[in-house]
Structures are given as structure tokens and as C-alpha cells.
1. I need the strands (runs of 3 or more DSSP E) fully contained in the chain, keeping only those with at least 1 residues that are in contact (Cβ under 8 Å) with a residue 12 or more places away in the chain and charged (D, E, K, R).
2. Confirm whether E66 is surrounded by fewer than 12 Cβ atoms within 10 Å (Cβ to Cβ), under 16 Å from M1 (Cα atoms) and among the acidic types (D, E).
3. Among the candidates I41, I14, I4, I33, single out the residue that is surrounded by 17 or more Cβ atoms within 10 Å (Cβ to Cβ) and at pLDDT below 95.
4. Is it true that S20 is over 9 Å from the mean Cα position of the chain (by Cα), modelled with pLDDT of 95 or more, of a type in the set (S, T, Y) and surrounded by fewer than 17 Cβ atoms within 10 Å (Cβ to Cβ)?
Amino acid sequence: MPLILAPENTELRIVKVMISDEKTKRHLENLGILINRNIIILSRQNGDIIVKVKDGRLAINRETAEKIHVA
């Protein structure tokens, strides 16, 4: 399911990142958005989400969150 539809406060595993722009994809990888990485959605505001990745927090806009699939 897309990250935007996933439940909050549940540990999720990234299974697919469907971003075609290599620069953006590399940037997300550098921030910890990698396949098989566990993340937790902390909150949502106006379609954007805040996730916990490793020991940090990231804000992800709705458009990008729709392209990250989790299980």
C-alpha cells in the first residue's frame, strides 16, 4: 500500500520506491528511505506526513508519499 494510506504509529517496511527521478531517489536513499527499511508514520498534516526513520524524523510531501509503498 502507498505510504500515504498506511496507519500511524505502526512499524512498516518499505517494499517499493516508485520515483523515476534519479536525483530525488538518491536523496531519499541518503535520508534512509530504502527498500526493506522499517519506518513509522508519526503524524499527518494536510496530506503531508512525518515519519521516523532510524533515529531521525523526516517530513514527506503527499506526492512523494504516494510513490513509496510499504507493507
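1. Correct list: 11-17, 38-45, 48-53, 56-60.
2. For E66, the condition - surrounded by fewer than 12 Cβ atoms within 10 Å (Cβ to Cβ), under 16 Å from M1 (Cα atoms) and among the acidic types (D, E) - is not met.
3. Answer to the selection: I4.
4. No.
The values are calculated or read from the model by the stated rules, or taken from the named source; none is laboratory data. The structure presented is a predicted model; accordingly, all values stated were derived computationally and were not measured. Heads up, the Cβs are rebuilt from the backbone with ideal geometry, glycines too, and the neighbour counts pull from every protein chain shown.
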